[in-house]
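Following: one structure in structure tokens, then a few remarks.
The values are calculated or read from the model by the stated rules, or taken from the named source; none is laboratory data. Everything numeric in this text was worked out from a predicted model, so none of it was measured. Every residue, glycine among them, receives a Cβ derived from its backbone with ideal geometry; neighbour counts consider all protein chains shown. Note: areas computed on protein heavy atoms with side chains; ligands, DNA, RNA excluded. Shrake-Rupley method; radii C 1.70, N 1.55, O 1.52, S 1.80 Å.
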Amino acid sequence: MTLYSYSRISTYETCPLQYKLQHIDNIKTEEEGVEAFMGTRVHETLEKLYKDLILSKMNTVDELIDYYNAKWKEKWHDEVFINRDDMTEEDYRKTGERAIRDYYATYHPFDHNKTLWTEKRVVFSLGDEDHKLRGVIDRLDKTPEGVLEIHDYKASGRMPTQEKMDADRQLALYQIAVLEAYPDTENVELVWHYVLFDQEMRSRRTKKQLEELKKEYIEAIDEIEAAEEFPPNESALCDWCGYWEYCPAKKHLIKIDGMPEKERKKEKGYVLVDRYVELKEQVSQLGEEIEDVKEQLM
Ligand code: SF4
């Protein structure tokens, strides 16, 4: 049985076709959104901070920023794409740098908890040998009160609500892994660092919630294993998908990208999208008219 991960299953839930291209056909794409690129650079800088601390080395914030900038330069490649026309590579680089400075100022001297794991690869069971998951835990801390904290760094540009974090499944799954490694632990807390906002979010899970989550993921794995069709599922997330050239819902947009305006307007996909937008506008106008008439009748 394939070893699944939270992100692999999420890809299937978001778009079965993207899942197939990535995980079954193994088509590699170099494309990477600049937000993900920046998040990875911030991530590896914080990893260095805590790995060095385990060996009693306290980096200064400037040493960390030098490390971050060196990695940024070393890893930047032509396939990193920026969706926003009004933003540049430098804007994103500076944003990541500010996030590291803020994090450092907030948590220095980093001695409140004991760090047990950094970037720890885990494989854990959902209840039987056929259903296992793998993952990487950013950091596991033990507080002076004996609570195990699972930490995760997020470079998202939006702060989530508490409700969203209480429903988050990734760290809850990692709690199953932590409890497998430390079965005597009574208290586990999930902690997200929204580094662009210098804010923490926290949440806890009951044993009952973890059992329900195991069931949910066993069903998800069984569904993927049984799947015979992998249809595209268009959503706002398509903007960050690197498989447009293989996707029937999007490939015409790549084809027409370099065409002269006259030819582009004749292209079938373009014509259909245009017609679709036109019809949607008409539907919305009709909706407004219906509301007007309704009001007059009342
Ligand atoms: S572009 Fe959208 S619909 Fe097509 S494979 Fe990617 S995520 Fe799926």
*Search result, residues across the stretch 22-45 that are in contact with a Lys or Arg (Cβ under 8 Å, 6 or more places away or on another chain) and either within 16 Å of the ligand (Cβ to nearest atom) or open to solvent by less than 20 Å² (accessible area, probe 1.4 Å) (or both)*: His23, Phe37, Met38, Gly39, Arg41, Thr45
*Looking at (1) under 30 Å from Ile218 (Cα atoms); (2) β-branched (Val, Ile, Thr); (3) open to solvent by 30 Å² or more (accessible area, probe 1.4 Å), which is the one condition that is false for Val147?*
(3)
*Only one of these conditions is not met by Pro231: (1) under 23 Å from the mean Cα position of the chain (by Cα); (2) part of a helix (DSSP H, G or I). Which number is it?*
(2)
*asked:* For a quick check of your reading of the model, give me the residue pairs whose first member lies in the stretch 237-251 and is outside the structural domain of Glu35 (by TED's automatic domain parsing) and small (Gly, Ala, Ser), whose second is open to solvent by less than 80 Å² (accessible area, probe 1.4 Å) and within 7 Å of the ligand (Cβ to nearest atom), with beta-carbon atoms closer than 8 Å and at least 6 apart or on different chains.
replied: Ala249/Pro232; Ala249/Cys238
*Taking the stretch 224-270 on its own, how many of its residues are modelled with pLDDT under 90, more than 14 Å from the ligand (Cβ to nearest atom) and among the small types (Gly, Ala, Ser)?*
1
_So, in the stretch 153-209, exactly how many residues are farther than 26 Å from Met38 by Cα, open to solvent by less than 30 Å² (accessible area, probe 1.4 Å) and in contact (Cβ under 8 Å) with a residue 40 or more places away in the chain?_
4
*So is Phe81 open to solvent by less than 90 Å² (accessible area, probe 1.4 Å), at positive phi and aromatic (Phe, Trp, Tyr) or not?*
no
_Which numbered condition Tyr19 fails, given (1) buried (at least 17 other Cβ atoms within 10 Å of the Cβ); (2) of a type in the set (Phe, Trp, Tyr); (3) over 30 Å from Ile224 (Cα atoms)_ = (3)
